[in-house]
Structure formats: C-alpha cells, structure tokens
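Enquirer: Let me give you the structure first, and then I'll get to my questions.
The values are calculated or read from the model by the stated rules, or taken from the named source; none is laboratory data. Quantities reported herein were computed from a predicted structural model and do not represent experimental measurements. Cβ: placed from backbone, ideal geometry, glycine included. Neighbour counts: every protein chain shown.
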Amino acid sequence: MGIFKFALRGNYKRHYENLKELASHNGKSPQLMFIDTALCTLVTGSGLQDYLNYKFYDKTWKERKEYATIGYQSKFYKLAASEKYFEFFSNKVNFNHNFHKFVKREEVSYADGYDKVEEFIKTHESVIRKPINGLGGARVEKIMTKDIKDPKDFYKKLGISDCMIEEEIIQDPEWAKLSPNSINTLRIVTKCIRGKSDILYAVARIGSGKSIVDNFHQGGVGVRINTDKGILEGICIGKDGVEHDVSPASGIKVDEFKIPYWNEIKDMVCEAAKVNDAVNIVGWDVAISTTGPVIIEGNRGPGMDLIQVLYNRGVKSDLEEIKKEILNN
C-alpha cells in the first residue's frame, strides 16, 4: 500500500479529538501536533495510532526513526511473512491442525457436519466459540453447553457466522491470580531462519476481567517479560497509555511475578517456529493451563505496537538485522 493511500485511511477527526485531549495535559498545541503527525507519516510511515502509542509528540526525529511504524512493518512482512501463508496461520481450523502438538485441544466447525458438532456439545460442559478468521479477540465467547437448547439451530448459526467451537482452556490457578475471569496470555515473538529459532520479544497480556479474552485491544493491559528469569518486569500499560503497578483486575503486583512453566514455554514456541520456517517471524499467543502451556494462535507478521510500547524503544534496527539474515539465506 502506497504511503498516500495508507494516509487516506486514517480517521483524522477522531485523531484531532485525541490530540485536543492530550493537549489539555501536556500543554502542546493540538494544531501543531496534527501537522507533526502528518510529517511523521511522510517521513517514517507512521499511522495516527503510532503517533499516540509511541508518544512521538515527545520524541526527537532520531528517536522516531528507530520505531518500526505500521508503514515499515507492512513492507518488512512482505519479506519475512509472505501472504501466501495466510491460510496456514490465520485460518484457525487450519492452524489448529498444523500446530496440533502445541494447541493440545480439539475443535469442530460447520464443515465437520452436524453429528460431530452435536457430539462435541454433548461431551463438553463448556466450549469457546470464535471466528475461523478473526483478529483482536473480537466475537470470542464462552458458551455453557447446557444453555444450547436447539443444537441444530446452533449448528446452522456456526455456518452462517463462520465460527468454530473448541475446548475451553482451564487456566493455571497461580497464573489466573492476575485476572481470574480472563485467559491471560503471553505474546512471544520468534524468528526462525534456516531452521534455527530464537525468541525476540516476550510480553504478557492480562485481561480486564470483563471479557474472557485478554487482548490489548479489548481492555486488557500488557507487561514486559524478563526472558532470562521468566518473570514479569516493570509496570503494566493499557492501550489508553495508563500505567499500573498492579493488575487492574486483581490488584496483584506485576513486577517480579513468576511465570509458571517458563522453560517449557520457551522450548514450545521455538519448536513451533520450525513447523513453517518459510515464515521467519511469528507472534505466538500462549496460554498457561493446569497441565502446562498451550498455543492459542500464531500471528504471521505480528504487530509491534504492544512490544514497542512495553519495551519503550523502537525495534526497527532489530528487524533490519533479521532482513539481512533472510536476504543472506
């Protein structure tokens, strides 16, 4: 997508309202920040949300250019995460089959036929319904199967909504303390080149307690992970930029909170990254169940917004190094 077409997609009215609200706290001119936003788009390929997420209004041009903006990422992922593997990762039925060893749960969809869906309902007290192709935790819901009064109608609606149902993950009780009513996940970004995989970044996402999903875009908060020690580190931050010392859902301090099964988690994502190393960079969403870690999904070409916000630095130079490795392959 060209930079001008990309820029035209922005909601400038809402962005200006955000800048006016920001100006009431930082004393800057919303008009000048609006012009500055446009300059950032032209120079760095940033989006409107990039400008707010990364606090570009408080950063020098040198600092801004260190960030992997949405425009930069779009170009980078054409090389490192080819779109031809979209269905391999983004179709959740395909993903569960391709990574079954790490997913560790069963699912059924409309395509499996009514009999299999009915049997699945009968043998599970609860199921998770989610779109087969979906982003950001939207339309994911827990359903108690006793509440399904008409299985045939339920089956029909699965097809209409292009959804599937899968086994519910029962969360590790220690990990659940951070937000008992959400599945709190780890976003771990790996690279894999020539069959060698490594962890690049790792953060945790803690749910708001108002939804089963923890997603950063659904009211959750994020916190950085110390990958050497397997602990949460520092403060947690929401999409609104508000910082917390404790989990908003439970009041538990996040800094130095120990992650259960951390060594197993590291081994699992590095092994999963080798399943399709034609995709060089993947963001894995990992849950921690009562029996150990499970992968929820793998994001081909993961967004770097949460990573860069929590690491408080740009990762463009890191991605440039990966680009060199790929091109030298």
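Enquirer: Specify the residue that is farthest from the chain's Cα centre (by Cα); the eligible residues are those in the range 105-115 that are surrounded by 15 or more Cβ atoms within 10 Å (Cβ to Cβ) and charged (D, E, K, R).
Expert: Once the filter is applied, the top-ranked residue is D112.
Enquirer: Taking the conditions exactly as written (surrounded by fewer than 19 Cβ atoms within 10 Å (Cβ to Cβ), within 24 Å of the chain's Cα centre (by Cα) and assigned to a helix (DSSP H, G or I)), does F102 satisfy them or not?
Expert: It is false that F102 is surrounded by fewer than 19 Cβ atoms within 10 Å (Cβ to Cβ), within 24 Å of the chain's Cα centre (by Cα) and assigned to a helix (DSSP H, G or I).
Enquirer: Another question, if that's okay. Can T185 be described as within 29 Å of L232 (Cα to Cα), in contact (Cβ under 8 Å) with a residue 24 or more places away in the chain, in contact with an Asp or Glu (Cβ under 6 Å, 6 or more places away or on another chain) and among the polar types (S, T, N, Q)?
Expert: When the stated conditions are applied, T185 passes them.
Enquirer: Let me ask another. Go through the range 273-306 and count every residue that is surrounded by fewer than 20 Cβ atoms within 10 Å (Cβ to Cβ), in contact with a Phe, Trp or Tyr (Cβ under 7 Å, 6 or more places away or on another chain) and of a type in the set (G, A, S).
Expert: 2
Enquirer: Just checking, how many residues over the range 103-137 are over 20 Å from Q171 (Cα atoms) and of a type in the set (A, V, I, L, M)?
Expert: So the answer is 6.
Enquirer: Does Y77 fit the bill of being touching a residue at least 24 places away in the same chain (Cβ under 8 Å) and surrounded by 20 or more Cβ atoms within 10 Å (Cβ to Cβ)?
Expert: So Y77 fails the test.
Enquirer: Keeping to the range 48-64, report how many residues are in contact with a helix residue (DSSP H, G or I) (Cβ under 8 Å, 6 or more places away or on another chain) and either farther than 14 Å from H15 by Cβ or crowded, with 22+ Cβ neighbours inside 10 Å (or both).
Expert: Total satisfying the criteria: 8.
Enquirer: Considering every residue within the range 251-272, establish whether at least one is crowded, with 19+ Cβ neighbours inside 10 Å, in the same structural domain as I193 (by TED's automatic domain parsing) and farther than 15 Å from A204 by Cα.
Expert: yes
Enquirer: I'd like to check which helices (runs of 4 or more DSSP H) are fully inside the range 10-88 and have at least 2 residues that are closer than 30 Å to K191 by Cα.
Expert: 30-44, 48-53, 61-64, 70-80
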